[in-house]
Structure formats: structure tokens, C-alpha cells
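To start, the structure itself, in C-alpha cells.
Just so it is clear, none of the values below were taken in a lab; they were calculated from the coordinates. Values in this document were obtained by computation on a predicted structure and should not be read as measured data. Neighbour counts are summed over all protein chains in view; Cβ atoms, including those assigned to glycine, are modelled from backbone coordinates with ideal geometry.
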Amino acid sequence: MSRCLGPILLLFAIIAPAADWPQWLGPNRDGKSAETGLLDSWPKGGPRLLWKAQDLGEGFSAPAIAGDRLYIQGQQGGQELVIAYDVHTGKQLWKTPAGKPYSEAEHGNGPRGTPTVDGARLYALSADGTLVCLETSAGKRVWGMNLVERFGGRPPKSGYSESPLVDGGCLIAMPGGPTAAVVALNKSTGDLLWKSQNDEPGFSSAIAFDIGATHALALLTAEAAIGLDAKDGALLWRYTRVANRTANIATPLAHDGYVFFSTDYGTGCVLLRPAPDGKTAEVYFNRDMRNHYTTSVLVGDYLYGFSSEILTAMEFKTGKVAWKDRSVGKGNCIYADQHLYCMGEDGAVGLIEATPAAYKEVSRFEITRGAFNTWTPPALANGQLYLREQTNLYCYNVKR
């Protein structure tokens with residue numbers, strides 16, 4: 001029997017202080033922080049730099065922050081690693097091998113996923129498909145496996161990029177193998193609880209939410225936007241129109257009984273309304289929000305995200321565009337305290353008011369870009385803003 005079901009009132013399984021950022025896209029996997037009391041504007045050169053770590057190695061992994069520690073993935077020499085830092089000083093505390101080295105000349109080497117912190121343990125997936133459970137205290141390995149070897153997984157062209165989802169007692173991952181497109185593992189032991197579907201893997205990460213009394217998962221594979229019953233992996237819906245055959249990357253977004261999916265390469269976005277009886281309705285489909293590697297963030301009634309290269313504000317339930325702007329250039333954005341924190345792939349960082357009225361940029365500064373694009377989204381925890389550029393991790397004070 002599955003142990004995936006958590007308390008029905010918890011949309012996501014990570015339980016952490018509101019100011020922490022313990023997984024991909026923050027506490028609720030939606031790119032939002034509940035923090036307040038943050039700077040309304042930045043000095044010309046940006047907020048005050050508290051520290052800079054320069055020993056991450058290659059990769060695009062974003063940081064996960066819980067308490068006084070930051071966890072991130074990088075590639076150094078002949079291996080991928082999970083690395084822990086002190087959030088106050090930037091001092092490296094430990095590093096643990098977590099996969100074979102991954103090389104891709106076109107886009108960059110190293111891990112793509114972000115660790116998921118769950119109490120005294122964390123979970124991390126390397127680009128080669130190595131999935132590990134580590135103790136957060138010193139990085140000791142609890143259990144591990146390779147998704148290709150264990151489930152016959154089919155790695156995407158640019159390597160596994162998802163960030164594992166903890167949902168109650170389960171860990172959700174997407175090997176992409178025959179009959180194992182999605183698997184639920186016992187998070188304590190790594191034992192298989194269920195497997196489902198035959199899709200090849202995309203680059204997206206799963207979310208959990210509720211449809212009436214059904215606790216569900218929303219996932220974007222290489223072939224479709226799908227919904228699964230978290231209890232046993234049974235298929236709830238399958239929607240193919242939003243998937244492209246190149247790269248499906250953005251994380252789904254669930255709110256108020258709706259689920260939003262978006263991809264680029266000329267495809268578009270869809271708002272679905274799943275129903276307990278299995279009849280999922282398409283509310284709208286359009287090409288006005290084409291998320292490439294970014295994930296849109298929902299603030300109030302509006303989505304804010306990069307439609308390909310253009311930052312776009314779009315009404316969530318209607319798909320009506322409020323404004324578009326080239327902003328910091330193609331990139332990622334998160335939200336906290338009335339503002340969007342956006343970083344472009346060339347290193348420009350902007351503080352933008354989160355309002356559908358008009359594009360209102362408040363402040364801007366830049367970090368130096370290296371050989372590859374700055375594709376890692378910002379993270380914000382306990383008044384500190386974290387930006388990654390390959391082997392460099394910057395920590396800024398954004399508290400008033």
C-alpha cells in the first residue's frame with residue numbers, strides 16, 4: 001500500500017519556517033517567499049554583498065536553504081557532488097559524491113536539479129540519474145540508486161534536470177522508463193511504492209495538490225501534461241497539446257482548482273480544470289506565455305513569467321495579457337514582498353514591482369557571466385538573496 005498521502009490540507013510536503021527556501025522554487029514550489037521587510041530598492045551596484053563562494057564547480061543547481069545551512073549541487077573533477085555551506089559566512093561545511101560527471105559542450109556540464117530538504121535528510125538527483133538520500137548534518141549517504149539502472153530510465157538529451165518531490169512519506173521522481181515514467185519511493189528506504197506511465201522524461205519537476213478529496217500529482221513529461229493519483233499512480237488526465245518534442249521544462253502551477261502548464265519552442269500554455277469525476281476541462285490555450293526554462297509565478301490574479309524572451313504579466317484564469325517588457329532579458333523570476341526578483345541569462349538582475357498595471361522596474365545591477373548562461377533561478381531566504389553563476393554563488397543582504 002502507498003504511503004504517499006499526506007494531510008489533505010497540506011498542498012506540499014515540505015514543512016519549514018516561512019523564511020526558509022528548502023527546495024526547488026521555495027517552500028511551496030511556486031517561486032514565492034512569504035518574507036516581508038525587504039528592501040524596496042537597491043543601491044546602484046546592487047544590495048550589499050555578504051559573501052561569495054567560488055568552489056561550487058560546474059552546474060545549474062539552485063540552492064536549497066534550511067536554517068543556517070544552504071545545500072546545492074556541483075561538479076568538480078570526476079564527480080557530481082552535493083555541497084553544504086554556512087549561510088552566514090559562505091564557508092563550505094561538507095561535500096558528498098552524488099553521481100558520475102556529466103558533460104554537454106553546448107549548454108554546460110554538471111548537475112541541473114536542486115536538492116530537496118526534508119527535516120534531517122535531503123534528496124538530490126544528478127544529471128546521470130543518480131538519486132541519493134543524505135543526512136543534512138554531515139552529508140552521510142542513507143540510500144541511493146541510479147534511475148537508469150533501477151527502472152530502465154531514458155535520460156533526456158541534456159541530462160536529468162528535475163528536483164525530487166517529497167510528498168508525505170513518498171519521494172516522487174521521473175525516470176522515464178517503460179512503465180516507470182513516474183515512480184513513488186519510500187523516502188526513508190528508497191523502496192518502490194508504485195510506478196506509472198510510459199512517457200520519456202522531460203526536464204520539469206512535479207508538484208502535489210488536491211482535487212476534492214483526491215491528493216494528486218501534476219507533472220510535465222517529454223510527451224504530455226499528466227495528472228496522477230498520488231495514492232497509487234493511477235492516471236487522472238493526459239493532455240498532449242502543451243508538450244513539445246524539444247524540451248518541456250517549466251514546473252506546473254496549481255491554484256484554486258486549476259493547473260497551469262507552459263512550454264516554449266512555439267508551443268504555448270494551457271489552464272486545465274481537473275474534476276473529481278476524471279473530466280478535465282481546457283479553460284484556455286494560448287501562445288502568450290511560452291515558458292522556456294523559467295517557471296511563471298502567480299501573484300494575486302496574475303502570472304508573471306518570461307514568455308520566451310519577454311517578461312509577461314497575464315491574468316491566470318483568463319489568459320489575458322496585461323503587459324510585456326524585455327526587462328532583464330530572457331531569464332527567471334521569483335517573488336517576495338510586493339516585488340519580482342528577476343535574473344537574465346546574461347547576469348542582469350532586476351527588482352520589479354509585481355503589478356498588472358504596467359512594467360515598473362525599481363532597481364538593477366549585474367553579476368559577471370561566464371562561459372554559459374546564468375540559467376539558475378534566484379533563491380531568497382531569511383533576508384538573503386542567492387544568485388548562482390556556475391562555480392560562483394553570491395549572497396546579498398536584501399533585508400531593510
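Mind scanning K32/K399; K32/K324; K32/K317; K32/K330; K187/K231; K52/K157 and naming the pairs with a C-alpha gap bigger than 24 Å? Flagged as over cut-off: K52/K157.
Pairwise alpha-carbon distances in the stretch 245-303 exceed 16 Å for 44% of all pairs. Net charge dipole, the stretch 32-397: roughly 220 debye, given to the nearest 20, about the Cα centre with Cβ charges of +1 for Lys and Arg and -1 for Asp and Glu.
From the square roots a ≥ b ≥ c of the eigenvalues of the alpha-carbon gyration tensor of the stretch 32-397, which class results: rounded (a/c under 1.5), prolate (a/b over b/c), or oblate? Since a/c reaches 1.5 but b/c is at least a/b, the shape of the stretch 32-397 is classed as oblate.
First select every other residue whose beta carbon is under 12 angstrom from the beta carbon of T89; then total the charges, Lys and Arg +1, Asp and Glu -1. Once positives and negatives cancel, what remains is +1. Among M314, M343, the order by Cβ neighbours within 10 angstrom, fewest to most, reads M314, M343. Residues H88, H215, arranged from fewest to most other Cβ atoms within 10 angstrom of their Cβ, appear as H88, H215.
Comparing L340, I367, L236 along the charge dipole axis of the chain, the residue lying farthest to the positive side is I367, per the Cβ-charge model. One Cα centroid belongs to the stretch 56-77, the other to the stretch 323-389; the line between them spans 19 Å.
Packing around the peptides 298-309, 379-390, 361-372, taken as the average count of other Cβ atoms within 10 Å per residue, puts them in this order, highest first: 379-390, 298-309, 361-372. Short-range pairs are left out: with C-alpha atoms under 8 Å and at least six residues apart, the relative contact order of the stretch 174-218 is 30 percent.
Legend: ranking of residues K231, K320 from fewest to most surrounding C-beta atoms inside 10 Å; resulting order K320, K231. In percent, rounded to a whole number, the relative contact order of the stretch 32-397 is 14, using alpha-carbon pairs under 8 Å and six or more apart.
A simple count of charges around Y160, restricted to other residues whose Cβ falls under 15 Å of its Cβ and scoring Lys, Arg +1 and Asp, Glu -1, yields -2.
Near E80: Cβ cut-off under 11 Å, other residues only, Lys/Arg at +1 and Asp/Glu at -1. The net charge is +1.
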